[in-house]
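Participant: Sharing a structure here in structure tokens format.
Readers should treat all values here as calculations from the given coordinates under stated rules, not as data from a laboratory. The shown structure was predicted, so the numbers you read here are calculated from the model rather than taken from an experiment. Cβ coordinates were reconstructed from backbone atoms using ideal geometry, including for glycine residues, and neighbour counts include every protein chain displayed.
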Amino acid sequence: MVLLVNDKYTGETFERLQETESSNVGEIIENAKSSFSKVASMPAYERYEFLKNGSDIIKSRQDKLAKIITIESGKPIKYSLKEVNRAAFVLFASAEEGKRIHGETVPMDMEPRGKDRFAYYGRVPIGPVLSITPFNDPLNLVAHKVGPALAAGNSIVNKPTTLAPLSSIKLSEILHEGGMPINAFQNIITAGNSQVMKSFLHSDDFKKVTFTGGYEAASKMVREGGVKKYSMELGSNSPVIVSENSRWEEHIESIVEAAFESQGQNCIHSQRILIQDSIYQQVTERLIKRTQALKVGNPLDPDTDIGPMITEGEARRVESLISESISRGSSVLMGNRKEKNVIYPTIMENVQREDPIWKNEIFGPVTILCKFKTIDEAIEMANGVNLGLQAGVISDSYPELMKAVEKLQYGTVLINDTSDFRIDTMPFGGMKMSGIGREGIRHAIEEMTEIKLVIMKKEK
């Protein structure tokens with residue numbers, strides 16, 4: 001079958017791709033197995049070379065790649081350019097970390113039975129890796145799977161979303177051009193619930209599955225895939241706490257960007273802004289004023305801040321969540337306007353905690369403002385959801401900050417920053433239903449290797 005990849009702003013067909021058929025599954029798996037043997041046997045410096053070459057090629061083609069990202073995902077071009085540069089860095093960092101995969105000695109004489117023995121362990125490639133990537137960062141999130149997998153000595157098969165598969169295909173072509181062994185990185189073009197995808201998940205030849213997406217999809221995936229090693233980044237519902245004991249005026253710009261960058265289709269997007277009651281009105285007025293200045297329109301325009309959502313269905317979903325919350329008594333301070341698949345940036349308040357728009361990940365250009373009296377109340381509100389990827393705390397009070405660090409149930413707590421910050425080498429992952437394991441180059445490599453222990457007994 002032919003898959004049509006559409007320009008998310010104009011709706012016009014941009015590319016036609018051949019979908020992966022059931023008859024292709026066996027060949028792709030065999031290719032992954034044979035290429036794994038090649039990559040695993042390569043010395044680290046050779047893996048470094050082709051990953052570094054891939055990074056350099058990405059940088060030399062940043063404008064072309066950014067345009068592809070914008071067309072297939074709707075992300076404004078200025079953010080797509082940032083994504084391209086990040087993907088180049090991810091490959092470079094993977095190349096560097098691939099030179100430092102090592103273990104340590106193990107003291108055996110801590111108990112009598114270990115006497116006269118010496119032990120050490122190293123890390124070995126886990127085997128062919130299966131990855132599944134989403135639309136919101138269609139190049140960089142693929143790089144986060146592919147770079148560490150190859151640096152660790154594995155082959156990888158990626159299933160990009162059918163909504164935005166072109167960036168992943170381009171990345172595979174670039175790495176092959178840079179000297180990567182043939183078929184070490186392959187793409188499969190199919191829907192996530194297809195029989196073809198189930199065949200890959202069922203295969204015991206894949207020793208590791210790494211997934212970025214939603215909790216429900218992850219649950220189905222584990223049921224299909226059975227007992228394997230999984231890494232899963234499953235989104236968030238990220239808060240930013242704004243204390244009266246802060247220079248909050250300095251953070252208005254970053255809060256608005258964190259709420260609305262890439263249409264809020266971002267797992268660490270600042271969905272809930274918790275503001276101390278004494279400064280609530282002032283902060284709210286400034287946030288609205290800055291948000292009103294955002295430009296909505298064609299994402300290929302370098303001045304555009306807000307482009308289209310990935311599909312009109314997603315736009316309708318967000319519109320419905322807003323309407324449902326309004327029916328429960330919430331208020332819209334600005335926004336709540338839909339034109340085809342464009343949702344204008346929306347700020348809400350008085351949202352009930354049982355509302356889906358409060359409890360769940362919105363994944364759209366909507367942020368919720370809420371008052372709190374004390375830092376303990378803010379932390380309790382922040383923790384009152386089942387997701388916990390990243391949280392921001394804006395305060396100049398040391399006791400408040402230390403209390404937040406101790407009690408916030410999030411994988412990352414950002415001090416005097418929003419939730420929407422990540423460098424690609426940090427350990428990235430969440431608590432509760434936000435996922436399993438950690439990404440960030442070195443940590444992803446560890447997830448994609450296995451420990452091999454060697455114990456040597458001294459001869460008498």
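Participant: Among 178-184, 369-375, what's the highest-first ranking by average C-beta atoms within 10 angstrom per residue?
Facilitator: 178-184, 369-375
Participant: With a 10 Å Cβ neighbour count serving as the proxy for reagent exposure, in which order, fewest first, do 82, 145 appear?
Facilitator: By the 10 Å Cβ count, ascending: 82, 145.
Participant: Here's a follow-up. With the cut-off at 1.5 for a/c, could you classify the chain from its C-alpha gyration tensor as rounded, prolate or oblate?
Facilitator: Judged from the Cα gyration tensor, the chain comes out oblate (a/c at least 1.5, b/c at or above a/b).
Participant: Okay, next question. Treating the beta-carbon of each Lys and Arg as +1 and of each Asp and Glu as -1, no other charges, what is the dipole magnitude of the chain about its Cα centre, to the nearest 20 debye?
Facilitator: 1100 debye
Participant: Now for a separate question. Could you calculate the FRET efficiency of residue 247 with residue 281 from 1/(1 + (r/R0)^6), where r is the beta carbon distance between them and R0 is 22 Å, rounded to 0.05?
Facilitator: Working from the Cβ atoms, E equals 0.80.
Participant: Here is a follow-up. Arrange the peptides 405-412, 133-140 so that the one whose residues have, on average, the most other Cβ atoms within 10 Å appears first.
Facilitator: 133-140, 405-412
Participant: Could you work out the helix-only [θ] at 222 nm for the chain, with each DSSP H run of four or more residues adding -39,500 (n - 2.57) and the total divided by the number of residues, to the nearest 500 deg cm²/dmol?
Facilitator: Helices in the chain give a 222 nm mean residue ellipticity of -12000 deg cm²/dmol.
Participant: For a Förster distance of 41 Å, can you work out the FRET efficiency between the beta-carbons of residue 451 and residue 376, rounded to the nearest 0.05?
Facilitator: 0.50
Participant: Expressed in nm to one decimal, what extension gain is obtained for the pair residue 1 and residue 459 from 0.36 nm per residue of sequence separation less their Cα-Cα distance?
Facilitator: Here the answer is 158.4 nm.
Participant: Once you've got the Cα coordinates, tell me which of 145/452; 145/220; 38/75; 75/159 are over 30 Å apart.
Facilitator: Pairs exceeding the cut-off: 38/75.
Participant: For the range 118-164, take N as its residue count and report Rg(C-alpha) divided by 2.2 N^0.38 Å.
Facilitator: Relative to the 2.2 N^0.38 Å estimate, the range 118-164 comes out at 1.45.
Participant: I need 202, 269 ordered by Cβ neighbour count within 10 Å, fewest first.
Facilitator: Placing the least packed residue first, the sequence is 202, 269.
Participant: Continuing with this model, one more query. Decide, for the range 169-246, between rounded, prolate and oblate: order the square roots of the alpha carbon gyration tensor eigenvalues as a ≥ b ≥ c, take rounded if a/c falls under 1.5, and otherwise choose prolate if a/b is larger than b/c, else oblate.
Facilitator: Cα axes put the range 169-246 in the oblate bin.
Participant: What is the fewest-to-most order of 201, 17 by other Cβ atoms lying within 10 Å of their Cβ?
Facilitator: In order of increasing Cβ crowding within 10 Å: 17, 201.
Participant: Next question. Using the alpha-carbon atoms, what tilt in degrees (0 to 90, nearest 10) does helix 44-60 show relative to the longest principal axis of the chain?
Facilitator: Tilt relative to the chain: about 40 degrees.
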